[in-house]
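*Asks:* First the structure, then my questions, so here it is.
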Amino acid sequence: MQPGARALGTLALAAAAVLGREAETDRAPEVRGWRRRYFRRRCLSVMAVLARRVFDLHHQIPLTWVCLAKLTPHLGEQKRTTASLFCKLTIAAGGGGLEELPLVVSKKCVQELESRANTVHCLPEKQRTSVDGGPLTLEKVVCTLLDMGFSDVHINELLSIQPHASPQQLLDIISEFILLGVNPEPVYVALKKSPQLLKMPVVRVKKRSSYLRKLGLGEGKLKRVLHSCPEIFTMHQRDVDGVIHVLKEKCLFTVQQVTEILYRCPNVLQQDPNELEYKFQYAYFRMGIKHLDIVRTEFLKYSLTKIKQRHIYLERLGRYQTPDKKGQTQIANPLLKDIFRVSEAEFLAKTACSSAEEFVVFKKLLAREEEEVPESSMSKEVEGEEEEEDKDEEEL
(Lines give C-alpha, C1' and ligand atoms only; values in the text may rest on other atoms or scores of the structure.)
Protein backbone atom coordinates (compact mmCIF):
# COMPACT_ATOMS: atom_id res chain seq x y z
CA MET A 1 0.00 0.00 0.00
CA GLN A 2 1.30 3.49 -0.87
CA PRO A 3 2.09 6.16 1.79
CA GLY A 4 -1.06 8.13 0.86
CA ALA A 5 -3.30 5.18 1.57
CA ARG A 6 -1.54 4.49 4.86
CA ALA A 7 -2.03 8.12 5.95
CA LEU A 8 -5.73 7.95 5.17
CA GLY A 9 -6.03 4.75 7.19
CA THR A 10 -4.30 6.34 10.17
CA LEU A 11 -6.55 9.43 9.90
CA ALA A 12 -9.64 7.25 9.90
CA LEU A 13 -8.56 5.38 13.03
CA ALA A 14 -7.70 8.64 14.84
CA ALA A 15 -11.03 10.22 13.91
CA ALA A 16 -12.86 7.15 15.15
CA ALA A 17 -11.03 7.26 18.48
CA VAL A 18 -11.66 10.99 19.06
CA LEU A 19 -15.31 10.83 18.11
CA GLY A 20 -15.75 7.75 20.27
CA ARG A 21 -14.37 9.50 23.34
CA GLU A 22 -16.49 12.60 22.77
CA ALA A 23 -19.57 10.46 22.39
CA GLU A 24 -18.88 8.78 25.72
CA THR A 25 -18.40 12.09 27.67
CA ASP A 26 -21.52 13.77 26.31
CA ARG A 27 -24.57 12.24 27.91
CA ALA A 28 -27.28 14.30 26.18
CA PRO A 29 -29.38 11.94 23.99
CA GLU A 30 -29.87 14.45 21.17
CA VAL A 31 -26.19 15.37 20.96
CA ARG A 32 -25.16 11.73 21.26
CA GLY A 33 -27.43 10.74 18.37
CA TRP A 34 -26.13 13.57 16.19
CA ARG A 35 -22.53 12.67 16.89
CA ARG A 36 -23.18 9.00 16.06
CA ARG A 37 -24.68 9.92 12.71
CA TYR A 38 -21.79 12.27 12.03
CA PHE A 39 -19.31 9.52 13.02
CA ARG A 40 -20.92 7.04 10.61
CA ARG A 41 -20.82 9.52 7.72
CA ARG A 42 -17.16 10.32 8.35
CA CYS A 43 -16.22 6.63 8.51
CA LEU A 44 -18.08 5.89 5.27
CA SER A 45 -16.36 8.77 3.49
CA VAL A 46 -12.92 7.64 4.68
CA MET A 47 -13.64 4.04 3.61
CA ALA A 48 -14.75 5.26 0.18
CA VAL A 49 -11.48 7.15 -0.25
CA LEU A 50 -9.53 4.05 0.79
CA ALA A 51 -11.50 1.87 -1.62
CA ARG A 52 -10.75 4.23 -4.51
CA ARG A 53 -7.05 4.21 -3.66
CA VAL A 54 -6.95 0.39 -3.49
CA PHE A 55 -8.85 0.14 -6.79
CA ASP A 56 -6.31 2.48 -8.44
CA LEU A 57 -3.48 0.27 -7.13
CA HIS A 58 -5.03 -2.88 -8.58
CA HIS A 59 -5.33 -1.20 -11.99
CA GLN A 60 -1.55 -1.06 -12.12
CA ILE A 61 -1.34 -4.89 -12.21
CA PRO A 62 -1.83 -6.32 -15.78
CA LEU A 63 -4.12 -9.18 -14.63
CA THR A 64 -6.60 -7.97 -12.01
CA TRP A 65 -8.53 -10.10 -9.57
CA VAL A 66 -11.70 -9.35 -11.54
CA CYS A 67 -10.20 -10.91 -14.67
CA LEU A 68 -8.93 -13.84 -12.67
CA ALA A 69 -12.38 -14.42 -11.20
CA LYS A 70 -13.77 -14.69 -14.74
CA LEU A 71 -10.99 -17.02 -15.86
CA THR A 72 -11.13 -19.29 -12.83
CA PRO A 73 -14.68 -20.19 -11.77
CA HIS A 74 -13.40 -22.64 -9.16
CA LEU A 75 -13.50 -21.65 -5.50
CA GLY A 76 -11.14 -22.07 -2.61
CA GLU A 77 -7.47 -22.86 -2.81
CA GLN A 78 -7.46 -23.46 -6.56
CA LYS A 79 -8.60 -19.89 -7.23
CA ARG A 80 -5.90 -18.42 -5.02
CA THR A 81 -3.25 -20.64 -6.61
CA THR A 82 -4.32 -19.78 -10.16
CA ALA A 83 -4.51 -16.07 -9.41
CA SER A 84 -1.06 -15.99 -7.87
CA LEU A 85 0.21 -18.07 -10.78
CA PHE A 86 -1.01 -15.56 -13.35
CA CYS A 87 0.32 -12.58 -11.42
CA LYS A 88 3.73 -14.17 -11.10
CA LEU A 89 3.78 -15.14 -14.75
CA THR A 90 2.89 -11.62 -15.83
CA ILE A 91 5.70 -10.09 -13.81
CA ALA A 92 8.18 -12.78 -14.92
CA ALA A 93 7.27 -12.28 -18.58
CA GLY A 94 7.79 -8.53 -18.13
CA GLY A 95 11.30 -9.07 -16.81
CA GLY A 96 10.59 -8.70 -13.10
CA GLY A 97 11.40 -11.07 -10.28
CA LEU A 98 9.15 -13.42 -8.43
CA GLU A 99 9.33 -11.35 -5.25
CA GLU A 100 7.76 -8.20 -6.73
CA LEU A 101 4.18 -9.20 -5.94
CA PRO A 102 3.25 -9.36 -2.24
CA LEU A 103 1.18 -12.58 -2.23
CA VAL A 104 1.24 -15.25 0.46
CA VAL A 105 1.42 -18.73 -1.09
CA SER A 106 2.46 -22.21 -0.02
CA LYS A 107 5.84 -23.78 -0.72
CA LYS A 108 4.32 -26.09 -3.31
CA CYS A 109 2.76 -23.18 -5.14
CA VAL A 110 6.06 -21.26 -5.07
CA GLN A 111 7.81 -24.22 -6.67
CA GLU A 112 5.17 -24.36 -9.42
CA LEU A 113 5.54 -20.63 -10.01
CA GLU A 114 9.31 -20.82 -10.27
CA SER A 115 9.04 -23.75 -12.69
CA ARG A 116 6.54 -21.86 -14.84
CA ALA A 117 8.69 -18.73 -14.79
CA ASN A 118 11.72 -20.74 -15.93
CA THR A 119 9.61 -22.08 -18.79
CA VAL A 120 8.74 -18.55 -19.81
CA HIS A 121 12.37 -17.44 -19.83
CA CYS A 122 13.39 -20.51 -21.85
CA LEU A 123 11.01 -19.59 -24.68
CA PRO A 124 12.37 -17.73 -27.69
CA GLU A 125 12.14 -13.96 -27.59
CA LYS A 126 9.51 -13.87 -30.34
CA GLN A 127 7.21 -16.00 -28.17
CA ARG A 128 7.52 -13.67 -25.15
CA THR A 129 5.94 -10.59 -26.63
CA SER A 130 3.40 -8.53 -24.81
CA VAL A 131 -0.10 -9.75 -24.07
CA ASP A 132 -1.69 -6.76 -25.75
CA GLY A 133 -0.90 -7.93 -29.28
CA GLY A 134 1.42 -9.78 -31.57
CA PRO A 135 2.11 -13.53 -31.50
CA LEU A 136 0.45 -15.91 -29.06
CA THR A 137 2.18 -15.83 -25.67
CA LEU A 138 2.42 -18.31 -22.84
CA GLU A 139 -0.06 -16.30 -20.76
CA LYS A 140 -2.69 -16.55 -23.47
CA VAL A 141 -2.08 -20.28 -23.84
CA VAL A 142 -2.50 -20.81 -20.09
CA CYS A 143 -5.71 -18.74 -20.06
CA THR A 144 -7.16 -20.70 -22.98
CA LEU A 145 -6.25 -24.08 -21.50
CA LEU A 146 -7.88 -23.10 -18.20
CA ASP A 147 -11.03 -22.12 -20.08
CA MET A 148 -11.01 -25.56 -21.77
CA GLY A 149 -11.01 -27.26 -18.35
CA PHE A 150 -7.37 -28.24 -17.83
CA SER A 151 -6.01 -28.02 -14.29
CA ASP A 152 -2.81 -26.26 -13.24
CA VAL A 153 -1.02 -29.61 -12.92
CA HIS A 154 -2.07 -30.66 -16.43
CA ILE A 155 -0.94 -27.34 -17.89
CA ASN A 156 2.48 -27.67 -16.26
CA GLU A 157 2.86 -31.17 -17.68
CA LEU A 158 1.67 -30.17 -21.16
CA LEU A 159 4.14 -27.30 -21.32
CA SER A 160 6.98 -29.64 -20.36
CA ILE A 161 6.20 -32.36 -22.94
CA GLN A 162 7.73 -30.45 -25.83
CA PRO A 163 9.52 -27.41 -24.33
CA HIS A 164 10.65 -26.14 -27.73
CA ALA A 165 7.23 -26.42 -29.39
CA SER A 166 5.50 -23.16 -30.18
CA PRO A 167 2.49 -22.17 -28.04
CA GLN A 168 0.38 -21.88 -31.20
CA GLN A 169 1.18 -25.50 -32.17
CA LEU A 170 0.31 -26.77 -28.70
CA LEU A 171 -2.97 -24.87 -28.61
CA ASP A 172 -4.00 -25.89 -32.14
CA ILE A 173 -3.45 -29.61 -31.50
CA ILE A 174 -5.32 -29.56 -28.19
CA SER A 175 -8.16 -27.49 -29.66
CA GLU A 176 -8.61 -30.01 -32.47
CA PHE A 177 -9.03 -32.85 -29.97
CA ILE A 178 -11.45 -30.81 -27.87
CA LEU A 179 -13.53 -30.10 -30.98
CA LEU A 180 -13.79 -33.85 -31.55
CA GLY A 181 -15.68 -34.13 -28.26
CA VAL A 182 -12.76 -35.49 -26.21
CA ASN A 183 -12.54 -34.33 -22.59
CA PRO A 184 -9.39 -32.61 -21.23
CA GLU A 185 -8.29 -35.64 -19.20
CA PRO A 186 -8.09 -38.08 -22.18
CA VAL A 187 -6.35 -35.40 -24.25
CA TYR A 188 -3.74 -34.94 -21.52
CA VAL A 189 -3.18 -38.71 -21.23
CA ALA A 190 -2.86 -39.10 -25.01
CA LEU A 191 -0.28 -36.32 -25.31
CA LYS A 192 1.73 -37.73 -22.42
CA LYS A 193 1.62 -41.19 -23.97
CA SER A 194 2.48 -40.01 -27.48
CA PRO A 195 4.42 -36.70 -27.43
CA GLN A 196 4.93 -36.97 -31.20
CA LEU A 197 1.40 -35.63 -31.61
CA LEU A 198 2.67 -32.14 -30.79
CA LYS A 199 5.12 -32.29 -33.70
CA MET A 200 2.47 -33.11 -36.29
CA PRO A 201 1.12 -30.47 -38.66
CA VAL A 202 -2.33 -29.29 -37.67
CA VAL A 203 -3.58 -29.91 -41.21
CA ARG A 204 -2.69 -33.58 -40.93
CA VAL A 205 -4.47 -33.90 -37.61
CA LYS A 206 -7.60 -32.36 -39.12
CA LYS A 207 -7.49 -34.73 -42.09
CA ARG A 208 -7.11 -37.75 -39.81
CA SER A 209 -9.97 -36.48 -37.64
CA SER A 210 -12.20 -36.17 -40.70
CA TYR A 211 -11.19 -39.68 -41.78
CA LEU A 212 -12.06 -41.14 -38.37
CA ARG A 213 -15.43 -39.40 -38.45
CA LYS A 214 -16.17 -41.11 -41.76
CA LEU A 215 -15.38 -44.44 -40.11
CA GLY A 216 -17.96 -43.66 -37.42
CA LEU A 217 -15.51 -42.72 -34.66
CA GLY A 218 -16.99 -39.38 -33.80
CA GLU A 219 -17.94 -37.71 -30.54
CA GLY A 220 -17.69 -40.04 -27.52
CA LYS A 221 -16.22 -43.06 -29.34
CA LEU A 222 -13.01 -41.24 -30.17
CA LYS A 223 -12.35 -40.74 -26.45
CA ARG A 224 -11.58 -44.43 -25.94
CA VAL A 225 -9.64 -44.70 -29.19
CA LEU A 226 -7.44 -41.72 -28.32
CA HIS A 227 -6.85 -43.05 -24.80
CA SER A 228 -5.96 -46.59 -25.92
CA CYS A 229 -4.15 -45.87 -29.18
CA PRO A 230 -3.10 -42.21 -29.64
CA GLU A 231 -0.69 -43.40 -32.36
CA ILE A 232 -3.69 -43.56 -34.67
CA PHE A 233 -2.99 -39.90 -35.49
CA THR A 234 0.71 -40.45 -36.22
CA MET A 235 0.34 -43.54 -38.42
CA HIS A 236 0.77 -43.33 -42.19
CA GLN A 237 -2.48 -43.21 -44.09
CA ARG A 238 -1.56 -46.23 -46.23
CA ASP A 239 -1.12 -48.38 -43.11
CA VAL A 240 -4.55 -47.41 -41.80
CA ASP A 241 -6.12 -48.01 -45.20
CA GLY A 242 -4.47 -51.44 -45.37
CA VAL A 243 -6.05 -52.57 -42.09
CA ILE A 244 -9.47 -51.20 -43.05
CA HIS A 245 -9.25 -52.97 -46.42
CA VAL A 246 -8.53 -56.32 -44.74
CA LEU A 247 -11.43 -55.93 -42.31
CA LYS A 248 -13.91 -55.01 -45.03
CA GLU A 249 -12.76 -56.99 -48.08
CA LYS A 250 -10.91 -60.02 -46.68
CA CYS A 251 -12.75 -60.61 -43.39
CA LEU A 252 -16.10 -59.39 -44.78
CA PHE A 253 -17.09 -57.32 -41.76
CA THR A 254 -19.87 -54.80 -42.28
CA VAL A 255 -19.30 -51.05 -41.95
CA GLN A 256 -20.96 -51.01 -38.52
CA GLN A 257 -18.87 -53.98 -37.39
CA VAL A 258 -15.65 -52.30 -38.53
CA THR A 259 -16.57 -49.21 -36.52
CA GLU A 260 -17.27 -51.36 -33.47
CA ILE A 261 -13.95 -53.21 -33.85
CA LEU A 262 -12.02 -49.93 -34.02
CA TYR A 263 -13.90 -48.67 -30.98
CA ARG A 264 -13.47 -51.81 -28.85
CA CYS A 265 -9.89 -52.69 -29.85
CA PRO A 266 -8.24 -49.79 -31.71
CA ASN A 267 -4.85 -51.50 -31.46
CA VAL A 268 -5.80 -53.58 -34.53
CA LEU A 269 -4.74 -50.57 -36.60
CA GLN A 270 -1.15 -51.22 -35.51
CA GLN A 271 -1.23 -54.90 -36.49
CA ASP A 272 0.16 -56.36 -39.66
CA PRO A 273 -2.68 -56.77 -42.20
CA ASN A 274 -1.59 -60.31 -43.15
CA GLU A 275 -1.43 -61.40 -39.50
CA LEU A 276 -4.82 -59.80 -38.87
CA GLU A 277 -6.34 -61.75 -41.75
CA TYR A 278 -4.75 -64.99 -40.52
CA LYS A 279 -6.11 -64.35 -37.02
CA PHE A 280 -9.62 -63.94 -38.41
CA GLN A 281 -9.33 -67.13 -40.44
CA TYR A 282 -8.19 -69.03 -37.35
CA ALA A 283 -11.18 -67.75 -35.38
CA TYR A 284 -13.72 -68.35 -38.12
CA PHE A 285 -12.61 -71.69 -39.57
CA ARG A 286 -10.55 -73.29 -36.80
CA MET A 287 -12.59 -72.26 -33.78
CA GLY A 288 -15.97 -71.77 -35.43
CA ILE A 289 -16.52 -68.22 -34.17
CA LYS A 290 -18.89 -66.05 -36.19
CA HIS A 291 -18.41 -62.39 -37.16
CA LEU A 292 -20.69 -60.99 -34.47
CA ASP A 293 -18.97 -62.96 -31.70
CA ILE A 294 -15.55 -61.85 -32.94
CA VAL A 295 -16.68 -58.25 -32.58
CA ARG A 296 -18.40 -58.63 -29.22
CA THR A 297 -15.59 -60.55 -27.53
CA GLU A 298 -12.84 -58.22 -28.84
CA PHE A 299 -11.13 -61.32 -30.22
CA LEU A 300 -8.84 -59.47 -32.63
CA LYS A 301 -7.02 -57.56 -29.90
CA TYR A 302 -5.42 -60.71 -28.47
CA SER A 303 -2.10 -61.96 -29.78
CA LEU A 304 -2.09 -64.97 -32.07
CA THR A 305 0.25 -66.82 -29.70
CA LYS A 306 -2.13 -66.45 -26.77
CA ILE A 307 -5.10 -67.52 -28.90
CA LYS A 308 -3.40 -70.68 -30.15
CA GLN A 309 -1.99 -71.70 -26.79
CA ARG A 310 -5.25 -71.52 -24.89
CA HIS A 311 -7.47 -72.87 -27.66
CA ILE A 312 -5.32 -75.88 -28.58
CA TYR A 313 -4.69 -76.65 -24.91
CA LEU A 314 -8.44 -76.83 -24.21
CA GLU A 315 -8.95 -78.82 -27.40
CA ARG A 316 -6.41 -81.47 -26.41
CA LEU A 317 -7.89 -81.65 -22.92
CA GLY A 318 -11.26 -82.37 -24.50
CA ARG A 319 -12.82 -79.15 -23.18
CA TYR A 320 -13.28 -77.38 -26.50
CA GLN A 321 -14.68 -78.70 -29.78
CA THR A 322 -14.89 -76.98 -33.16
CA PRO A 323 -18.56 -76.65 -34.16
CA ASP A 324 -19.71 -78.59 -37.21
CA LYS A 325 -21.19 -77.02 -40.31
CA LYS A 326 -24.50 -76.57 -38.49
CA GLY A 327 -22.80 -74.86 -35.55
CA GLN A 328 -23.35 -77.77 -33.16
CA THR A 329 -20.93 -79.48 -30.75
CA GLN A 330 -21.08 -82.64 -28.66
CA ILE A 331 -19.80 -80.76 -25.60
CA ALA A 332 -20.54 -77.34 -24.21
CA ASN A 333 -17.66 -75.08 -25.13
CA PRO A 334 -16.59 -72.50 -22.52
CA LEU A 335 -17.35 -68.87 -23.18
CA LEU A 336 -14.75 -66.93 -25.10
CA LYS A 337 -14.43 -64.40 -22.30
CA ASP A 338 -13.51 -67.23 -19.92
CA ILE A 339 -10.78 -68.31 -22.32
CA PHE A 340 -9.10 -65.07 -23.35
CA ARG A 341 -10.28 -62.22 -21.12
CA VAL A 342 -9.05 -63.76 -17.85
CA SER A 343 -5.55 -64.11 -16.45
CA GLU A 344 -3.53 -67.27 -17.00
CA ALA A 345 -4.02 -68.39 -13.40
CA GLU A 346 -7.80 -68.00 -13.63
CA PHE A 347 -7.84 -69.69 -17.04
CA LEU A 348 -6.06 -72.76 -15.65
CA ALA A 349 -8.08 -72.91 -12.44
CA LYS A 350 -11.63 -72.32 -13.75
CA THR A 351 -11.62 -73.07 -17.49
CA ALA A 352 -8.90 -75.65 -18.17
CA CYS A 353 -8.92 -77.19 -14.68
CA SER A 354 -5.22 -77.92 -15.03
CA SER A 355 -1.95 -77.10 -13.33
CA ALA A 356 0.51 -74.41 -14.29
CA GLU A 357 3.32 -76.95 -14.75
CA GLU A 358 1.34 -78.89 -17.36
CA PHE A 359 0.55 -75.70 -19.25
CA VAL A 360 4.23 -74.66 -19.28
CA VAL A 361 5.23 -78.01 -20.76
CA PHE A 362 2.45 -77.77 -23.34
CA LYS A 363 3.55 -74.30 -24.48
CA LYS A 364 7.08 -75.57 -25.06
CA LEU A 365 5.81 -78.52 -27.10
CA LEU A 366 3.50 -76.26 -29.10
CA ALA A 367 6.32 -73.86 -29.90
CA ARG A 368 8.39 -76.79 -31.18
CA GLU A 369 5.49 -77.93 -33.35
CA GLU A 370 5.08 -74.43 -34.78
CA GLU A 371 8.74 -74.41 -35.81
CA GLU A 372 8.41 -77.74 -37.59
CA VAL A 373 5.10 -76.98 -39.32
CA PRO A 374 5.10 -73.67 -41.27
CA GLU A 375 2.11 -71.38 -41.16
CA SER A 376 1.41 -72.08 -44.84
CA SER A 377 -0.17 -75.36 -43.78
CA MET A 378 -2.80 -73.35 -41.94
CA SER A 379 -3.65 -71.47 -45.13
CA LYS A 380 -3.96 -74.73 -47.06
CA GLU A 381 -6.19 -76.15 -44.34
CA VAL A 382 -8.40 -73.05 -44.47
CA GLU A 383 -8.62 -73.24 -48.27
CA GLY A 384 -9.60 -76.92 -48.00
CA GLU A 385 -12.37 -76.10 -45.54
CA GLU A 386 -13.63 -73.34 -47.84
CA GLU A 387 -13.75 -75.75 -50.80
CA GLU A 388 -15.66 -78.29 -48.72
CA GLU A 389 -18.20 -75.63 -47.75
CA ASP A 390 -18.65 -74.64 -51.40
CA LYS A 391 -19.23 -78.27 -52.39
CA ASP A 392 -21.81 -78.71 -49.64
CA GLU A 393 -23.64 -75.59 -50.78
CA GLU A 394 -23.71 -76.89 -54.38
CA GLU A 395 -25.08 -80.27 -53.25
CA LEU A 396 -27.84 -78.55 -51.31
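*Asks:* Need one number: nm distance between label points at Lys199 and Asn183, each 7 Å from Cα along Cα→Cβ, rounded to one decimal.
*Replies:* Calculated label separation equals 3.1 nm.
*Asks:* While we're looking at this one, here's another question. Which net charge results for the neighbourhood of Ile289, defined as the other residues with beta-carbon distances under 13 angstrom from its beta-carbon, given Lys and Arg at +1 and Asp and Glu at -1? Before the final figure, lay out the partial values.
*Replies:* Details: positive: Lys279, Arg286, Lys290, Arg296, Lys337; negative: Asp293, Glu298.
Taking every Cβ under 13 Å from that of Ile289, the sum is +3.
*Asks:* Sticking with this one: From the phi of every residue in segment 353-367, what ³J(HN,Hα) in whole Hz does the Karplus formula 6.51 cos²θ - 1.76 cosθ + 1.60 yield, where θ is phi - 60° and glycine or proline is x?
*Replies:* Per-residue couplings from phi come out as 6, 9, 8, 5, 5, 5, 5, 5, 5, 4, 5, 5, 5, 5, 5 Hz.
*Asks:* Past 29 Å, Cα to Cα: identify those pairs from Lys199/Lys306; Lys214/Lys250; Lys279/Lys325; Lys140/Lys192; Lys223/Lys337, in the order given. Don't skip to the answer; put the middle values down first.
*Replies:* Values: Lys199/Lys306 36 Å; Lys214/Lys250 20 Å; Lys279/Lys325 20 Å; Lys140/Lys192 22 Å; Lys223/Lys337 24 Å.
Going by Cα-Cα distance, Lys199/Lys306 fall outside the 29 Å limit.
*Asks:* Please compute one quarter of the surface area of the Cα convex hull for segment 166-295 and express it in square nanometres. Present the calculation step by step, with values, prior to reporting the outcome.
*Replies:* On the way: hull surface 30.8 nm².
Mean shadow area of the hull around the Cα atoms is 7.7 nm².
*Asks:* Right, another one. Taking R0 as 30 Å, what FRET efficiency do you get between Ala165 and Glu346 from their Cβ-Cβ distance, rounded to the nearest 0.05? Numbers along the way, then the final one.
*Replies:* Details: r = 45 Å, r/R0 = 1.49.
Given R0 = 30 Å and the Cβ-Cβ separation, E is 0.10.
*Asks:* If I stretch the segment between Val255 and Arg296 completely, what's the gain in nm (0.36 nm per residue apart, minus their alpha carbon distance), one decimal?
*Replies:* Separation in residues times 0.36 nm, less the Cα-Cα distance, equals 13.3 nm.
*Asks:* At 1.4 Å probe radius, can you tell me the per residue accessible area of segment 306-363 in Å²? Kindly include the intermediate steps, with their values, before the conclusion.
*Replies:* Numbers: 3400 Å² over 58 residues.
On a per-residue basis, 59 Å².
*Asks:* Does anything in segment 181-201 have its amide N under 14 Å from the 7 Å Cα→Cβ label point of His236, and if so which residues?
*Replies:* The answer is none, because no backbone nitrogen lies closer than 14 Å to the label point.
*Asks:* Please identify every one of the GluC sites (Glu not before Pro) in segment 192-298 that sits in a loop by DSSP and has no more than 15 other beta carbons within 10 Å of its own beta carbon. Could the numbers behind the result be given before it?
*Replies:* Details: sites: Glu219, Glu231, Glu249, Glu260, Glu275, Glu277, Glu298; in loops: Glu219, Glu298.
Those that pass, being in a loop and sparsely packed, are Glu219.
*Asks:* Here's a follow-up. Pop a pseudo-label 7 angstrom from the Cα along the beta-carbon direction at both Lys206 and Leu317 and give the gap in nm to one decimal.
*Replies:* 5.6
*Asks:* Sticking with this structure for a sec: Residue by residue through segment 150-155, what is 3J(HN,Hα) from phi via Karplus (6.51 cos²θ - 1.76 cosθ + 1.60, θ = phi - 60°)? Round to whole Hz and write x for glycine and proline.
*Replies:* Those phi angles translate into 6, 7, 4, 5, 4, 5 Hz.
*Asks:* Another one. Here is the link list: Lys290/Lys350; Lys221/Lys290; Lys301/Lys364; Lys193/Lys363. Which ones come out longer than 26 Å on Cα distance? Walk me through the numbers before you get to the answer.
*Replies:* Numbers: Lys290/Lys350 24 Å; Lys221/Lys290 24 Å; Lys301/Lys364 23 Å; Lys193/Lys363 33 Å.
Exceeds cut-off: Lys193/Lys363.
*Asks:* On to the next question. Per residue of segment 324-334, what does 6.51 cos²θ - 1.76 cosθ + 1.60 with θ = phi - 60° give for ³J(HN,Hα)? Whole Hz please, x for Gly and Pro, Karplus curve as stated.
*Replies:* Running phi through 6.51 cos²θ - 1.76 cosθ + 1.60 with θ = phi - 60° gives 6, 5, 8, x, 10, 9, 7, 10, 8, 5, x Hz.
The values are calculated or read from the model by the stated rules, or taken from the named source; none is laboratory data. Since this is a predicted model, take the numbers as computed values, not measurements. Methodologically, a virtual Cβ is constructed for each residue, glycine included, from the backbone with ideal geometry; neighbour enumeration extends over all protein chains shown. Surface accessibility is based on the protein's heavy atoms, side chains included, excluding ligands, DNA and RNA. Shrake-Rupley method; radii C 1.70, N 1.55, O 1.52, S 1.80 Å.
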